[in-house]
Amino acid sequence: MHVYSAPAKIILFGEHAVVYGEPAIAAPFKTLQAQVTATPAPPGSGLSILGAADGLALHVSLANDRPDNALIYAAQLVLRALGKQPPDLTLELRSNIPIGGGFGSGAAVSAALMRALSAALGNLLSGEALNSLVYQVEQLHHGTPSGIDNTVIVYEQPVYFVRGRAPETFKVGAPLHFLVIDSGVSASTRETVSAVRRLYTADQARYGAIISEIGALVRSARQLIETGSQLEALGELMNANHALLRALSVSSTHLDQLCAVARAQGAYGAKLSGGGRGGSLIALIEPDLAPRLSAALRQAGAAQTWLMHLA
Ligand code: MEV
């Protein structure tokens, strides 16, 4: 019995604009993990996927070319890539990544499942092969993904990401401490990405300008992260990025309120992270602020918070 895992991800700057070719900065968030255990099954029983928490039980065959279920699709992609029939195997999923929480839960579950299945078939997929297969599952989840989620989750490294280019890592000049906040509202990235697309198509000049502004801000954020000073300035960029995401219609009253609480309690800056309209947020803080800020955020309706260090 082997356990394979993949972490959640956090977007620090640049979500949504990254779909349009602007850069974005993201990091793995290893406190939250998807795990898949592979156990041999009796001969003739075929390939099953079980969800430990929710009673999920799926049987994988190669009959249906493009199933609606992302887990079956992920398993089929591995079988096709390796030219194999479904083995007699049980894959059991466990994940503490909130679904619809902006943490890349779908990509993490796919990556862990694909690792477990390919290893059980005697051919653990390389990072590059895995990244491209997880991207295909992401397309099923949300239409036109930029590829940032699968890249961070598969390589488990912070990235400065531009769609269609090899991901770059970046230097962190001085450790940064973020409070990661689950807003408690689950939201669909597919819907928020489509909402931004509709706005952009209707008024390219206006929304294209907002998207370019986000891109410029991400480039400045990278410089500040690399020089490792000026936390106030980096926090201001987070606040500005949040305001631009609001202008793209992907914030919500609840997310705006949680950001306001974080700033009022002394965070350097706060923004939504990921698809928006729910999901997660991040606040840049001094670590000793975490207990007080967490309590205030939970009082304002946040579901959970965690401290994340980027060094
Ligand atoms: C979702 O984590 C990030 C978005 O920019 C979508 C994408 O890049 O595919 C909203």
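Computed quantities for the displayed model
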| read-out | value |
| --- | --- |
| Net dipole in debye of the range 2-161 [+1 Lys, Arg Cβ; -1 Asp, Glu Cβ; about Cα centre; nearest 20] | 260 |
| Dipole of the chain, positive direction: furthest Cα of Ile97, Ala74, Gly147, with charges on the beta-carbon | Gly147 |
| Range of Cα positions in the range 172-261 per principal axis (Å), largest first | 41, 32, 20 |
| Alpha carbon Rg of the chain, scaled by the compact-globule rule 2.2 N^0.38 Å | 1.01 |
| Given charges at Cβ of Lys, Arg, Asp, Glu: the chain dipole, positive-most of Gly184, Ala26, Ser249 | Ser249 |
| The chain, relative contact order in percent, only Cα pairs under 8 angstrom and at least six apart counted | 22 |
| Rg and Dmax of the range 9-122, Cα atoms only, in Å | 15.7, 50 |
| Net dipole in debye of the range 119-221 [+1 Lys, Arg Cβ; -1 Asp, Glu Cβ; about Cα centre; nearest 20] | 300 |
| Label-point separation, Ile99 to Ser249 (7 Å along Cα→Cβ), nm | 2.7 |
| About the Cα centre, charge dipole magnitude for the chain (Lys/Arg +1, Asp/Glu -1 at Cβ), debye | 200 |
| Computed log₁₀ I(q)/I(0) - Debye formula, equal Cα scatterers, no solvent, the range 244-305, q 0.28, 0.30 Å⁻¹ | -1.25, -1.39 |
| Contour minus Cα-Cα distance for Glu168 and Ser45 (0.36 nm per residue) | 39.9 nm |
| Tilt relative to the chain, helix 204-227 - C-alpha long axis, 0 to 90 degrees, to 10 | 90 |
| Where a label projected 7 Å from the Cα of Ala233 along Cα→Cβ would reach, residues of the range 24-55 with amide N under 17 Å | none |
| Mean separation of Cα contacts under 8 Å (6+ apart) over length of the range 176-310, as relative contact order % | 43 |
| Extension gain from Gln204 to Ala311, taking 0.36 nm per residue of separation minus the Cα-Cα distance | 34.7 nm |
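Just so you know, all these numbers are worked out from the coordinates, no wet-lab data involved. No experiment lies behind these values; they were computed from the predicted model shown. Methodologically, a virtual Cβ is constructed for each residue, glycine included, from the backbone with ideal geometry; neighbour enumeration extends over all protein chains shown.
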